[in-house]
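Quick notes on the structure that follows.
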């Protein structure tokens, strides 16, 4: 079993820091880096890319609404053409910073409210994913289980990496449960690790409704802005090792084991 360990990073702004990015980068195999809309700024993006590259961690764009005050978790009404342009703008920003440091971007994911909306709405997912494909058809799209995003990616020949969000509850369709609902965000480390171990052993996750959902993820995600994220990431990595697995970046999962 080869699986990626992933987190959302670079989510500070100016002198304000969000999470222990440097510590997490010693544990992760890939990172989703905020591109300046929901969080992040050019210097934070540059620093995060530099630290990730030095550690061999895959670099991806974390694309969201222009909503720093709400951390990209508030729904915004934006025309589709403008929203697609925002997606390309953010992809281009991180790709440019990576290129200037001799690195390249391997993947992308939709953040927060934008991601939740696209995952549930094929009519929104289609143009957004098409914009990603126009920018770079070689990018991998990271997403929690979503028929809308997966179908849109398939239509444009984009690779999809299914993501298991270890600290977030999902419904019977695999979609994330809204944060306003009790139990949507799982803060108890023991409970998170129990979910991870069940997934690794049985290939199932218990949904918010208490049902068993089959899931074969390519990557496990831990939220970098959650208190205790570094300790949790280390524990998840250990759980993978104890299950006989190996943490491998998405970009190298097709290669033969060393």
> Is there a residue in the stretch 229-237 that is crowded, with 18+ Cβ neighbours inside 10 Å, over 30 Å from residue 74 (Cβ atoms) and in contact (Cβ under 8 Å) with a residue 60 or more places away in the chain?
Replying inline: yes
>> With the structure loaded, tell me whether residue 213 is over 16 Å from residue 161 (Cα atoms), in a strand (DSSP E or B) and touching a strand residue (DSSP E or B) at 6+ places or on another chain (Cβ under 6 Å) or whether it fails that test.
In response: yes
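Among 125, 113, which is the only one that is touching a residue at least 40 places away in the same chain (Cβ under 8 Å), out of contact with any strand residue (DSSP E or B) (no Cβ under 7 Å at 6 or more places or on another chain) and part of a helix (DSSP H, G or I)?
Result: 113 is the single residue among 125, 113 that is touching a residue at least 40 places away in the same chain (Cβ under 8 Å), out of contact with any strand residue (DSSP E or B) (no Cβ under 7 Å at 6 or more places or on another chain) and part of a helix (DSSP H, G or I).
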> Can you tell me how many residues in the stretch 131-152 are in contact with a helix residue (DSSP H, G or I) (Cβ under 6 Å, 6 or more places away or on another chain) and within 12 Å of residue 118 (Cα to Cα)?
Replying inline: 5
> Of the residues that sit in the stretch 190-203 and are crowded, with 16+ Cβ neighbours inside 10 Å and in contact with a helix residue (DSSP H, G or I) (Cβ under 9 Å, 6 or more places away or on another chain), which one is farthest from residue 221 (Cα to Cα)?
Replying inline: 200
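Yes/no matrix, rows are residues, columns are (1) under 24 Å from residue 133 (Cα atoms); (2) in contact with a strand residue (DSSP E or B) (Cβ under 7 Å, 6 or more places away or on another chain); (3) exposed (fewer than 15 other Cβ atoms within 10 Å of the Cβ); (4) at pLDDT 95 or above:
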residue: 60; (1), (2), (3), (4): yes, yes, no, yes
residue: 68; (1), (2), (3), (4): no, yes, no, no
residue: 81; (1), (2), (3), (4): yes, no, yes, yes
residue: 84; (1), (2), (3), (4): yes, no, no, yes
> Of all residues in the stretch 48-69, how many are in contact (Cβ under 8 Å) with a residue 24 or more places away in the chain and over 17 Å from the mean Cα position of the chain (by Cα)?
Replying inline: 8
> Is the stretch 95-105 home to any residue that is within 14 Å of the chain's Cα centre (by Cα), touching a residue at least 24 places away in the same chain (Cβ under 8 Å) and under 18 Å from residue 8 (Cβ atoms)?
Replying inline: yes
>> Please determine whether any residue of the stretch 216-238 is over 19 Å from the mean Cα position of the chain (by Cα) and modelled with pLDDT of 90 or more.
In response: yes
> Going through the stretch 151-182 one residue at a time, which ones are touching a residue at least 60 places away in the same chain (Cβ under 8 Å) and over 24 Å from residue 240 (Cα atoms)?
Replying inline: 178, 179
> If you take the residues in the stretch 9-37 that are over 21 Å from residue 252 (Cβ atoms) and under 14 Å from the mean Cα position of the chain (by Cα), which one is surrounded by the fewest Cβ atoms within 10 Å (Cβ to Cβ)?
Replying inline: 11
> Quick check: is even one residue across the stretch 167-186 under 17 Å from residue 27 (Cβ atoms), assigned to a loop (DSSP other than H, G, I, E, B) and in contact with a helix residue (DSSP H, G or I) (Cβ under 8 Å, 6 or more places away or on another chain)?
Replying inline: yes
> Restricting attention to the stretch 127-134, does a residue exist that is under 14 Å from the mean Cα position of the chain (by Cα), at pLDDT 95 or above, crowded, with 18+ Cβ neighbours inside 10 Å and under 17 Å from residue 92 (Cβ atoms)?
Replying inline: no
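The values are calculated or read from the model by the stated rules, or taken from the named source; none is laboratory data. Quick caveat: nothing in here was measured; it's all calculated off a predicted structure. Neighbour counts are summed over all protein chains in view; Cβ atoms, including those assigned to glycine, are modelled from backbone coordinates with ideal geometry.
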